[in-house]
Amino acid sequence: MDPAAIIQAIPPELLRMVLALALLAAFVGVNGLVLVYLERKVAGHVQRRPGPFEVGPHGLLQPFADALKLVGKELVAPKCGDRLLFWLAPVAAFLPVFVSFLPVPFGAELYGLHVNLGLLLILAFAGLGVLSLCLAGWASNNKYALLGAARAVAQSVAYEIPLLVAVLAVSFMTGSLDLAVITAGQGSWPWQWNVAVQPLAFIIYLICAVAETNRAPFDLPEAESELTAGFHTEYSGMGFGLFFLAEYANMIVVSSVAVVLFLGGYKGPLADGVWWFLIKVYAILLFMMWMRWTYPRVRFDQLLNLSWKWLIPLSIANLAVTAVVVKLL
Amino acid sequence: MSVIKELRRTASGLWSLVVGLGVTGKNFLKPQVTVHYPRQIVPNLDSYRGHIDLVPLDDDPQTPRCICCMTCINVCPSQCLSLTVDRDRPAKGRAEPAGEAGDLPTPKDGGNMLVVEPKRMEPPKKAGPKRPATFIKDYNLCSLCGLCVQNCPVDSLMFSRDIKLAGYRREDFVLDLLGRMRARELPLVPALGSGVASIRGAQGASAPAEGQGVAAPAPRKAKAADRGGPDASGPDASGGAGAGQPDASKDQGS
């Protein structure tokens, strides 16, 4: 068996995908730590206090301490809950993130998989996150968790519609669902990005992204002060750690898609490249954190009203106008 | 009309969102309010409520103002105070102990009186209020409600500003308030030739025990304003960082 022949027999896309998955795992892991630290620091400074400060210089080692603590805890499951579903839920929350990252172009040649339906892939796997919330709530054998899960499903379903319609408007304009093509269609300067042409779609997308990731004023499913901890009440240790990590990973995914669709992807003034992509992604992440510590949590009926009565009509109107403009010009 | 009203309401609502972001954004850039203890110390502890401490008399800093009325002991909801009365002091309403010094025979007849009775030459012992011999506070039980401080008729109790109180055992927090006061307060300097020393001697002021051993820069004169509480004049209050400072600084207690 010739080693060279074996290596040549492996399709290059598979090799590329495996390499990309390994790098993405590292990226998500490192970002998880960085975002946890940043969130606490931003929260602290908005509240005029230091945030983590003692563990390491300026609290830089705090995420490592937290990770070690979570890993070292006992894995406890409720006695009468569904054991399989209970442990499946955090894994199902965490794994789709890696698939969602594959079609995203970090740089001109930095993508995991060239999928001409990249946008559809991402949106499809975002739905799996909702499923994991359902599983978590049901398998916990806890009425608070179940209520939290029910609210989460209602919220996600309500906000997926305007998200899709807003994204659809951009696809109409660009004529493709391929993220690489969408990025290539934008220029380097901010007025050449899609946000200049579709500002309403950008705002709607941002609101829906925050709602989909259960962040900021839309964190009813977690509702720390109301439903004990919502759907992850019964989780401790690594189960909770995975949900936590999945939330931050999902944040990065929606921010990356926002950057690709609306903010020019890896293109920027002076020099295109992955650095611009990362700067923009972090800008959106910091904005999401900023929003979290500004706005109070919306009530459930207010949440659904916002989606069904405001965002959906607005996004459909936006799509209609886009379609007319694209077809007539 | 209501549509326009609705739209205006929405517009002002959206603007309020932006204003909110501005408020948190500005706060993000403002300096922290947190005091990084122990690298920094809160500069003004005037309103800090630590455990209870005794307040000394203005003219005799080794004696507390306490008159043993037991109000604080009775009003304390946690029953954490206890005291014993000093039986060696002459108190009002108590018979003077018999057999004082200088029991010389009094001449009954009006003969030659060359021997002067020392008893009559001595200034009479002033009877005063009861004073405590011991005053114990069990800080393990105290809830810092302040009822004792509030209800003391002679203002003999105050809150200390001891922010560094820490110990390893329950017993560390059973506080001898009288001992603490005496270690904290310095004895008065007897002014030369004013006879003050003898009055104090007559009143049987207890010997300042631990206080004497402390190396003091200078014993202070009694001041009415000096009610045992540090008025936190700048450098003294913030000098609490040095744990080895002598008690004579009488700032944050021992």
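The values are calculated or read from the model by the stated rules, or taken from the named source; none is laboratory data. Small disclaimer: the values here were computed from a predicted structure and weren't measured. Reconstructed Cβ throughout: ideal geometry from the backbone, glycine too, with neighbour counts over all protein chains shown. These accessible areas exclude ligands, DNA and RNA; they are computed on the full protein's heavy atoms, side chains included. Shrake-Rupley method; radii C 1.70, N 1.55, O 1.52, S 1.80 Å.
Show the residue pairs meeting these rules: Cβ distance below 6 Å; 6+ apart or different chains; first residue within region A:293-311 and within 14 Å of chain B (Cβ to nearest Cβ) and open to solvent by 40 Å² or more (accessible area, probe 1.4 Å); second residue of a type in the set (Val, Ile, Thr) and outside any loop (DSSP other than H, G, I, E, B).
A:Trp293/A:Val46; A:Trp293/B:Thr24
Go through A:Val254, A:Val259, A:Val281 for me and flag whichever is under 27 Å from A:Gln47 (Cα atoms), among the aliphatic types (A, V, I, L, M) and either surrounded by fewer than 20 Cβ atoms within 10 Å (Cβ to Cβ) or without any contact (Cβ under 8 Å) to a residue 40 or more places away in the chain (or both).
Values: A:Val254 fails: either surrounded by fewer than 20 Cβ atoms within 10 Å (Cβ to Cβ) or without any contact (Cβ under 8 Å) to a residue 40 or more places away in the chain (or both); A:Val259 fails: under 27 Å from A:Gln47 (Cα atoms).
Of the residues listed, the single one that is under 27 Å from A:Gln47 (Cα atoms), among the aliphatic types (A, V, I, L, M) and either surrounded by fewer than 20 Cβ atoms within 10 Å (Cβ to Cβ) or without any contact (Cβ under 8 Å) to a residue 40 or more places away in the chain (or both) is A:Val281.
Does any residue in region A:194-212 that is under 16 Å from A:Val281 (Cβ atoms) come within less than 7 Å, Cβ to Cβ, of a residue that is among the β-branched types (Val, Ile, Thr) and open to solvent by 10 Å² or more (accessible area, probe 1.4 Å) six or more places away or on a different chain, and which pairs are these?
A:Phe202/A:Val195; A:Ala209/A:Val254
Identify all residues within region B:148-162 that are surrounded by 15 or more Cβ atoms within 10 Å (Cβ to Cβ) and not small (Gly, Ala, Ser); write none if there are none.
Matches in region B:148-162: B:Cys148, B:Val149, B:Cys152, B:Leu157, B:Met158, B:Phe159, B:Arg161, B:Asp162.
When you go through A:Gly264, A:Gly230 one by one, which is the residue that is closer than 26 Å to A:Asp66 by Cα, of a type outside the set (A, V, I, L, M), open to solvent by less than 10 Å² (accessible area, probe 1.4 Å) and in contact (Cβ under 8 Å) with a residue 12 or more places away in the chain?
Exactly one residue qualifies, and that residue is A:Gly230.
Here's the yes/no breakdown for (1) among the aliphatic types (A, V, I, L, M); (2) open to solvent by 10 Å² or more (accessible area, probe 1.4 Å); (3) assigned to a helix (DSSP H, G or I):
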{"residue": "A:Gly137", "(1), (2), (3)": "no, no, yes"}
{"residue": "A:Val153", "(1), (2), (3)": "yes, yes, yes"}
{"residue": "A:Thr183", "(1), (2), (3)": "no, no, yes"}
{"residue": "A:Gln186", "(1), (2), (3)": "no, no, no"}
{"residue": "A:Trp191", "(1), (2), (3)": "no, yes, yes"}
{"residue": "A:Ala196", "(1), (2), (3)": "yes, yes, yes"}
{"residue": "A:Ile203", "(1), (2), (3)": "yes, yes, yes"}
{"residue": "A:Leu206", "(1), (2), (3)": "yes, yes, yes"}
{"residue": "A:Glu222", "(1), (2), (3)": "no, yes, no"}
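Quick one: A:Val36 ticks every box in (1) β-branched (Val, Ile, Thr); (2) part of a helix (DSSP H, G or I); (3) surrounded by fewer than 16 Cβ atoms within 10 Å (Cβ to Cβ) except a single one, so which number is it?
Evaluating A:Val36 over (1) β-branched (Val, Ile, Thr); (2) part of a helix (DSSP H, G or I); (3) surrounded by fewer than 16 Cβ atoms within 10 Å (Cβ to Cβ) leaves (3) as the failure.
Which pairs turn up if I take residues in region B:16-40 that are among the hydrophobic types (A, V, I, L, M, F, W, C) and look for partners that are open to solvent by less than 90 Å² (accessible area, probe 1.4 Å) and modelled with pLDDT of 90 or more with beta carbon separation below 6 Å, at least 6 apart in sequence or on another chain?
Note: pairs meeting the criteria are B:Leu21/A:Thr294; B:Phe28/A:His45; B:Phe28/A:Val46; B:Val33/A:Arg48.
Is it the case that A:Glu109 is of a type in the set (D, E, K, R), out of contact with any helix residue (DSSP H, G or I) (no Cβ under 8 Å at 6 or more places or on another chain) and within 30 Å of A:Thr183 (Cα to Cα)?
Spelling it out, A:Glu109 is indeed of a type in the set (D, E, K, R), out of contact with any helix residue (DSSP H, G or I) (no Cβ under 8 Å at 6 or more places or on another chain) and within 30 Å of A:Thr183 (Cα to Cα).
Let me spell it out: the conditions are (1) under 30 Å from A:Ile122 (Cβ atoms); (2) open to solvent by 30 Å² or more (accessible area, probe 1.4 Å); (3) of a type outside the set (S, T, N, Q), and A:Ala43 meets all of them except one. Which number is the exception?
So A:Ala43 meets the others, but not (2).
Could you please let me know if B:Gly13 is farther than 19 Å from B:Asn151 by Cα, at pLDDT 90 or above, within 14 Å of chain A (Cβ to nearest Cβ) and surrounded by fewer than 12 Cβ atoms within 10 Å (Cβ to Cβ)?
Numbers: farther than 19 Å from B:Asn151 by Cα: yes; at pLDDT 90 or above: yes; within 14 Å of chain A (Cβ to nearest Cβ): yes; surrounded by fewer than 12 Cβ atoms within 10 Å (Cβ to Cβ): yes.
When the stated conditions are applied, B:Gly13 passes them.
Within 23 Å of A:Gly29 (Cβ to Cβ) and basic (Lys, Arg): is that true of A:Arg299 in this structure?
Values: within 23 Å of A:Gly29 (Cβ to Cβ): no; basic (Lys, Arg): yes.
For A:Arg299, the condition - within 23 Å of A:Gly29 (Cβ to Cβ) and basic (Lys, Arg) - is not met.
B:Ser47 versus (1) open to solvent by less than 60 Å² (accessible area, probe 1.4 Å); (2) away from chain A (no Cβ under 14 Å): which is the lone unmet condition?
(1)
Check A:Ala246 against each of (1) part of a loop (DSSP other than H, G, I, E, B); (2) open to solvent by less than 20 Å² (accessible area, probe 1.4 Å) and name the one condition it does not meet.
Tallying (1) part of a loop (DSSP other than H, G, I, E, B); (2) open to solvent by less than 20 Å² (accessible area, probe 1.4 Å), A:Ala246 fails exactly one: (1).
Which of the residues that make up region A:66-78 are surrounded by fewer than 14 Cβ atoms within 10 Å (Cβ to Cβ) and either among the small types (Gly, Ala, Ser) or free of Cβ contacts under 8 Å to residues at least 12 places away in the same chain (or both)?
A:Leu68, A:Lys69, A:Gly72 - these are the residues of region A:66-78 that are surrounded by fewer than 14 Cβ atoms within 10 Å (Cβ to Cβ) and either among the small types (Gly, Ala, Ser) or free of Cβ contacts under 8 Å to residues at least 12 places away in the same chain (or both).
Condition first: open to solvent by less than 70 Å² (accessible area, probe 1.4 Å) and more than 10 Å from chain A (Cβ to nearest Cβ). Now tell me which residues in region B:20-41 satisfy that.
B:Val35, B:Ile41
Kindly indicate whether A:Trp87 is open to solvent by 80 Å² or more (accessible area, probe 1.4 Å) and among the aromatic types (Phe, Trp, Tyr).
no
Taking the residues in region A:11-29 that are under 17 Å from A:Ala249 (Cα atoms) and surrounded by 15 or more Cβ atoms within 10 Å (Cβ to Cβ) as candidates, determine which candidate is nearest to the chain's Cα centre (by Cα).
A:Val28
On the basis of being in contact (Cβ under 8 Å) with a residue 24 or more places away in the chain, over 30 Å from A:Gly237 (Cα atoms) and surrounded by 16 or more Cβ atoms within 10 Å (Cβ to Cβ), does A:Leu147 make the cut?
In short, no.
Take the residues in region A:30-53 that are under 18 Å from A:Tyr248 (Cβ atoms) and without any contact (Cβ under 8 Å) to a residue 24 or more places away in the chain, then tell me which one is farthest from the other protein chains (Cβ to nearest Cβ).
Taking the candidates together, the pick is A:Val30.
Given the criteria over 21 Å from A:Ile252 (Cβ atoms), open to solvent by less than 60 Å² (accessible area, probe 1.4 Å), over 20 Å from the mean Cα position of the chain (by Cα) and modelled with pLDDT of 90 or more, does A:Thr174 qualify?
Numbers: over 21 Å from A:Ile252 (Cβ atoms): yes; open to solvent by less than 60 Å² (accessible area, probe 1.4 Å): yes; over 20 Å from the mean Cα position of the chain (by Cα): yes; modelled with pLDDT of 90 or more: yes.
Spelling it out, A:Thr174 is indeed over 21 Å from A:Ile252 (Cβ atoms), open to solvent by less than 60 Å² (accessible area, probe 1.4 Å), over 20 Å from the mean Cα position of the chain (by Cα) and modelled with pLDDT of 90 or more.
Test each condition in (1) part of a loop (DSSP other than H, G, I, E, B); (2) more than 14 Å from chain B (Cβ to nearest Cβ); (3) modelled with pLDDT of 90 or more for A:Pro78 and report the one that comes out false.
Among (1) part of a loop (DSSP other than H, G, I, E, B); (2) more than 14 Å from chain B (Cβ to nearest Cβ); (3) modelled with pLDDT of 90 or more, A:Pro78 violates only (3).
It is to be established whether one or more residues within region A:7-16 are assigned to a helix (DSSP H, G or I) and modelled with pLDDT of 90 or more.
no
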